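Heads up, the thing below is written out as structure tokens.
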Amino acid sequence: MPLSDIAEDAQQVMSANKAAVSRALNLVEDRRAESHARVAELLAALKDAPKAAGGHRVGLTGPPGVGKSTLTSVLARGLRLRDRTVGVVAVDPSSMRSGGSLLGDRARMSFDPTDNGLFVRSLATAGEVGGLAYAANSSVRVLGAAYDTVIIETTGVGQSEIDIVHVADTVVLVIQPGSGDVLQFLKAGIMEIPDILVVNKADQDELARRAVADLRGALRTAHAVGAGGAQDGAWETPIVATSATKGSGIDELIAQLDAHRKHVETALLARRRRGEVQWTLDLFIRKHGEHGVSTLGGRRLLKARAERELDGGETPLSLCEQLSREYVAALGQTA
Amino acid sequence: MAQDGKRERDRPWIMRTYSGHSTAAASNELYRTNLAKGQTGLSVAFDLPTQTGYDADDPLARGEVGKVGVPISHIGDMRALFDGIPLDQMNTSMTINATAVWLLSLYIATAEDQGVDPRVLRGTTQNDIIKEYLSRGTHIFPPAASMRLITDLITYTVDEVPKWNPINICSYHLQEAGATPTQELAYALVTAIGVLDAVKATGRIPEAEFGKVVGRISFFVNAGIRFVEELCKMRAFVELWDRVTQERYGVTDPKQRRFRYGVQVNSLGLTEQQPENNVIRIVLEMLAVTLSKDARARAIQLPAWNEALGLPRPWDQQWSLRTQQILAYETDLLEYDDLFTGSEVVKAHTQDLVESAWAEVQEVLKRGGAVEAVESGYIKQRLVESNAARLRAIEAGEQIVVGVNKFVESEPSPLTENLDEAILTVDPKVDADQRAALARWKETRDNDAVDKALAELQRVAKSDENMMVPSIAAAHAGVTTGEWANLLREVWGEYRAPTGVSGASVKTAATGANAETVARLRDRIHALEASMGRRPKMLVGKPGLDGHSNGAEQIAIKARDVGFDVVYEGIRVSPEQIVASALEEGVHLIGLSILSGSHLALVPEVMKRLRAAGLGDVPVVAGGIIPEADAERLRQEGVAAVYTPKDFELDNIMSDLIDLVDRQHAAE
Ligand code: B12
Ligand SMILES: Nc1nc2c(ncn2[C@@H]2O[C@H](COP(=O)(O)OP(=O)(O)OP(=O)(O)O)[C@@H](O)[C@H]2O)c(=O)[nH]1
Ligand SMILES: [Mg+2]
């Protein structure tokens, strides 16, 4: 896409034209240096999309196989029934050996291929950036300009549970009955407290009730030890039991999602910006460690710079790459 | 016993030919000729719409009606299928699973119309829906609903059709999906355990009667080319089943604990190259299931020499039937006691298999049993891994396949002089005819009776009563296969099974003879990624009702291993869905895999829709059972390349695919 077409395409994205949305997603995945200007232009053009500010970015995370994709599918259906349009980014891990990936989430989602209000894109983590895919943040921005709700499904391992906080307005942690680890992590404060907790595979009432009760206990302990997360104290993490295969609990999940979206309404833009700043720094630190940070003037300076430049149209990725170049150059000078 | 150790000849096993195509009338004719040739039982192959619960007029049935089997929509079709064949004297095996309750209901209703008491009916419904999720791919409903249908059929027939084999637990299809002998044993046994536990849980069978149910369970087994090991596998089955039935279910009558099984020998190893060699493979494989008197098959059906080319013609099937007859009637095999009693070698290997299989049985039970291990994808993943290992060994030349990776030079074969005529082709007109006949059926039947029957069916589906009763009533009322299945889809929902590819850990590339090639392919993908800005992304699609997933799975895994980002959504995806996925995923390449023979209908349809979606530039390749004449037509329609089983070197395919993406990128 040459520059001049980008404005046109951005318009098309905002009217949820699937071909345009797909092209835009391809563009934000494009890692060539010569494409960065166009990516920046596209994202800038989409920044004030009417859907974006009013929209909702929902992050689904949780251990492999708990039913995130199946849940995404029924959640999307529930939202479509309420006449809301939905964009999905499903992230799967890349193979360490080949760099390739098998993007399997889509296989678990069933949808009407003629529905223009639903769009699913799979992304591979592509190794170096940890849990979320390279282009996850930008892809969410593209889909957010086109659709009312954007659902991000993470790989559920490694860094993704942390990264998702930077991208989503509402973080939903999905677990299944009897997942003791999660309880332990929460209690010990290892795991951040999500905005919503879902106990999926609650196909049997009795098991589900017990799991929910266990979780309540764990959450109480977690609050007591002052575990992280709680970005604002006024929100009390609800626990929702679902069965993605039977479709039960979905109405309640949507109600809780709406409630949380409302809760963060006033702070929404600030929350998103904070997430992007944080993600930029995290990306950079993962690559270059504390030495990178101190070489470029320390954490506070970098943070301020990120805030400024993200306003100016940079994305966390492009900015991180810019910082990397500066760091490498600085290393060269000192060597 | 006669002198010099010779005995009276044992009765031979039941000889069948798996067949059916085009229409009920055409298949009826075929069955009559087969019986006249000395075949002793019938084995009905249904077409894919019938197996997956669609009538000919359903959009999802397009291209598939009457192709790989006979379409049976209603009792009129069933009557025509068995016209002039007295059901009280027949032993009929029906390869039917998700719709088994329905097809058996049609069969019973047809018998009643013939004036035959269902209590004398003999035969088998395959009715093992568990392995459908793992290999065969004609499942419809979620596992819990499937298990209910399985147990409804079993508990009904135990009393009402007492000579019927209500279920054939299948390990055959597991081997066809790559299973090792250990896996075949283990996963068939956990399936049987899952089914018997579920029957028990219905509470419909009095404790004292349970042995009767156990005694009705039969198996459908595979025999591969390593025939000594396969022979041991059959003996291991006998031993393990005896153990399970005794220890887990407390069956005391040894007759009820007997491992009763039928066989279709291995087809996965039958080759497109030098196809005449397949006859020899088939004979050797048959030995594995006949040599041991103590573990001999009850019924055998054999594939044909042209298995990898397409559907067998009557002559091809006759050749396979004669193979069985020669073994049974010309040789002295049936005159002796078990040949291996006392063989230390056979005993030792049998014990190895017993132990390794038992360990894997315990592993699955630890994971919650067969259903859980299906839902979690555990078993499927193991199968995909085994199949990948098998293909890799053939590609690397570690596993010799004569005529494929060794001894490949050949004189021109008179059998395949005219390749496109060396198989059965089904008249495409069949589709329209069947649709017209169906419309006539719906016009002339009593629609009030149909509505009433459907309402009752729905009520029972929501209750815990037996589905057989209202299904037989619905059969008499003229309900169709599609109506029966669609109603249940609404009540129970549909299920997409795990593909097993994502988590499969496969040693395809980094080691072995082909490591260097793979490294080169990865470098090329890497270079392409750098110049395109994105990693090459490929969609592997399986349009239509075809459940043959092996090829698509292995292509998907291999593509991942050379560095593609791969989207694979599993089997039975409509052309519309494939195009929507291609569009949303922004892929650089689309690969379609079709083995059911419906490629001429489905591939062009996908292409047309791609063009309409503005994706006409994206290269499309196709693979599967595609005769050369059809391949040429597809290429003319714009398909970039067509692959068939003879293209066993996946590295070469990958290299082509990378070329295609490269060329398309250069053109943009
Ligand atoms: C294994 C097998 C099965 C297994 C499938 C297991 C599974 N999950 O895949 C089981 C036992 C379940 C099965 C069942 C049936 N089968 Co079957 N089966 C075969 C068999 C023996 C081998 C196919 C195979 O897996 N080969 C191994 C893989 C790796 O090879 P491949 O798929 O051909 O792929 C290679 C190439 O074709 C190519 N390729 C394929 N796809 C793609 C895609 C891309 C993108 C690319 C680049 C390349 C590519 O590359 C691969 C590498 O070499 C063939 C005969 C044969 N020998 O080929 C019959 C065959 C395909 N089956 C057949 C039939 C009729 C059936 C049934 C429909 C019978 C019935 N009436 O019920 C059932 C139902 C299945 C269903 N639901 O659709 C017929 C089809 C007839 C036709 N086309 O006219 C065949 C040809 C046998 C015959 N001669 O009658 N089958
Ligand atoms: N019984 C039951 N099974 C479920 C439920 N939700 C999902 N599953 C099953 O759990 C398995 C995994 O589901 P997925 O949706 O692929 O899970 P996931 O979390 O997206 O998995 P990854 O993306 O691989 O981490 C599938 O077999 C689903 O059918 C549920 O509510 N109940
Ligand atoms: Mg998933």
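The values are calculated or read from the model by the stated rules, or taken from the named source; none is laboratory data. In this text the structure is predicted, and so the values were computed from the model without any measurement. All Cβ positions, even for glycine, are placed from backbone atoms using ideal geometry, and neighbour counts span all protein chains on display. We work out accessible area using only protein heavy atoms, side chains counted, and drop any ligands, DNA or RNA first. Shrake-Rupley method; radii C 1.70, N 1.55, O 1.52, S 1.80 Å.
So here's what we get for this one:
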quantity: B:Glu363 versus B:Asp446: modelled label distance in nm, points set 7 Å from Cα along the beta carbon direction; calculated: 5.7 nm
quantity: Expected-Rg normalisation [2.2 N^0.38 Å, Cα atoms] applied to the protein assembly as shown; calculated: 0.99
quantity: For the stretch B:32-75 and the stretch A:63-100, distance of Cα centres in Å; calculated: 38 Å
quantity: Residue mean of other protein chain beta carbons inside 10 Å, A:13-26; calculated: 3
quantity: Length-normalised contact order for chain B - Cα pairs under 8 Å, 6+ apart - percent; calculated: 16 percent
quantity: Peptide-level mean, for A:239-246, of C-beta atoms on other protein chains within 10 Å; calculated: 1
quantity: Delta accessible area of at least 40 Å² on complex formation, residues of the stretch B:531-550, 1.4 Å probe, chain isolated as reference; calculated: B:Gly533, B:Arg534
quantity: Under the Karplus curve 6.51 cos²θ - 1.76 cosθ + 1.60, θ = phi - 60°, whole-Hz ³J(HN,Hα) for the stretch B:227-243, x wherever Gly or Pro sits; calculated: 6, 5, 5, 5, 4, 5, 4, 4, 5, 5, 4, 4, 5, 5, 5, 4, 5
quantity: Solvent-accessible heavy-atom area per residue, rounded to whole Å², over the protein assembly as shown at 1.4 Å; calculated: 39 Å²
quantity: Rg(Cα)/(2.2 N^0.38 Å) for chain B, N = residue count; calculated: 0.95
quantity: Model label zone, B:Glu628; criterion: amide N under 11 Å from point 7 Å along Cα-to-beta-carbon; scope the stretch B:419-442; calculated: B:419-421
quantity: Mean separation of Cα contacts under 8 Å (6+ apart) over length of the stretch A:270-334, as relative contact order %; calculated: 41 percent
quantity: Listed residues B:Ala389, B:Leu545, B:Pro143: farthest to the positive end of the dipole of chain B (Cβ charges); calculated: B:Pro143
quantity: Which of B:Leu185, B:Leu30, B:Pro619, positive extreme of dipole for chain B (C-beta unit charges); calculated: B:Leu185
quantity: B/A buried area, accessible surface, summed, 1.4 Å probe, Å²; calculated: 2700 Å²
quantity: Long-range Cα-Cα pairs in the stretch A:270-334 (distance over 13 Å), rounded percent; calculated: 58 percent
quantity: P(r) histogram, all alpha-carbon pairs of the stretch A:49-263 included - 5 Å bins from 0, percent; calculated: 1, 7, 16, 20, 21, 17, 11, 5, 1, 0
quantity: Solvent accessible area, Å² - A:Tyr134, 1.4 Å probe, full protein context; calculated: 20 Å²
quantity: Cα gyration tensor category, rounded, prolate or oblate, for the stretch B:342-390 with a/c compared to 1.5; calculated: oblate
quantity: Chain A: most fluctuating residue of A:Ser248, A:Ser98, A:Ser69 per GNM, C-alpha cutoff 10 Å; calculated: A:Ser98
quantity: Whole-number percent relative contact order across the stretch B:513-667, with pairs defined as alpha carbons under 8 Å at least 6 apart; calculated: 23 percent
quantity: For chain A, with +1 on Lys and Arg beta carbons and -1 on Asp and Glu, the positive-most of A:Val13, A:Val264, A:Phe119 along the dipole; calculated: A:Val264
quantity: DSSP-defined beta bridges in the protein assembly as shown - what % are antiparallel, rounded to 5; calculated: 5 percent
quantity: Charge dipole (debye, nearest 20) of the stretch B:14-387; +1 at Cβ of Lys and Arg, -1 at Cβ of Asp and Glu; calculated: 300 debye
quantity: Relative packing of peptides B:405-412, B:549-556 - highest average C-beta neighbours within 10 Å first; calculated: B:549-556, B:405-412
quantity: The stretch B:1-104: GluC sites (Glu not before Pro) in DSSP coil with no more than 10 other Cβ atoms inside 10 Å; calculated: B:Glu8
quantity: Extension gain from B:His526 to B:Glu411, taking 0.36 nm per residue of separation minus the Cα-Cα distance; calculated: 37.1 nm
quantity: Rounded to 5, the percent of DSSP beta bridges in the stretch A:49-263 classed as antiparallel; calculated: 5 percent
quantity: Residue-averaged 222 nm ellipticity for chain B, from DSSP H runs of 4+ at -39500 (n - 2.57), nearest 500; calculated: -15500 deg cm²/dmol
quantity: Which of B:Ser531, B:Ser93 is most accessible, then next, and so on - probe 1.4 Å; calculated: B:Ser531, B:Ser93
quantity: Threshold 10 Å² - residues in the stretch A:80-100 whose accessible area is reduced by that much or more when the chain is no longer isolated, probe 1.4 Å; calculated: A:Ser95, A:Arg97, A:Ser98, A:Gly99, A:Gly100
quantity: The protein assembly as shown - percent of accessible surface contributed by carbon and sulfur, probe 1.4 Å; calculated: 52 percent
quantity: Inter-label distance for A:Arg97 and B:Arg119, nm, one decimal - labels placed 7 Å from Cα along Cα-to-Cβ; calculated: 6.2 nm
quantity: Cα-centred dipole magnitude for chain B, charges only on beta-carbon of K, R (+1) and D, E (-1), debye, nearest 20; calculated: 960 debye
quantity: Per-peptide average of other Cβ atoms within 10 Å, ordering A:7-14, A:144-151 highest first; calculated: A:144-151, A:7-14
quantity: Averaged over B:583-594, number of beta-carbon atoms from partner chains that fall within 10 Å; calculated: 4
quantity: Cβ charges +1 (Lys, Arg) and -1 (Asp, Glu), total dipole of the stretch A:1-158, debye; calculated: 380 debye
quantity: Accessible surface ranking that places the most exposed of B:Trp441, B:Trp484 first, with a 1.4 angstrom probe; calculated: B:Trp441, B:Trp484
quantity: Label point distance in nm, B:Lys347-A:Ala270, each placed 7 Å from Cα along Cα→Cβ; calculated: 8.2 nm
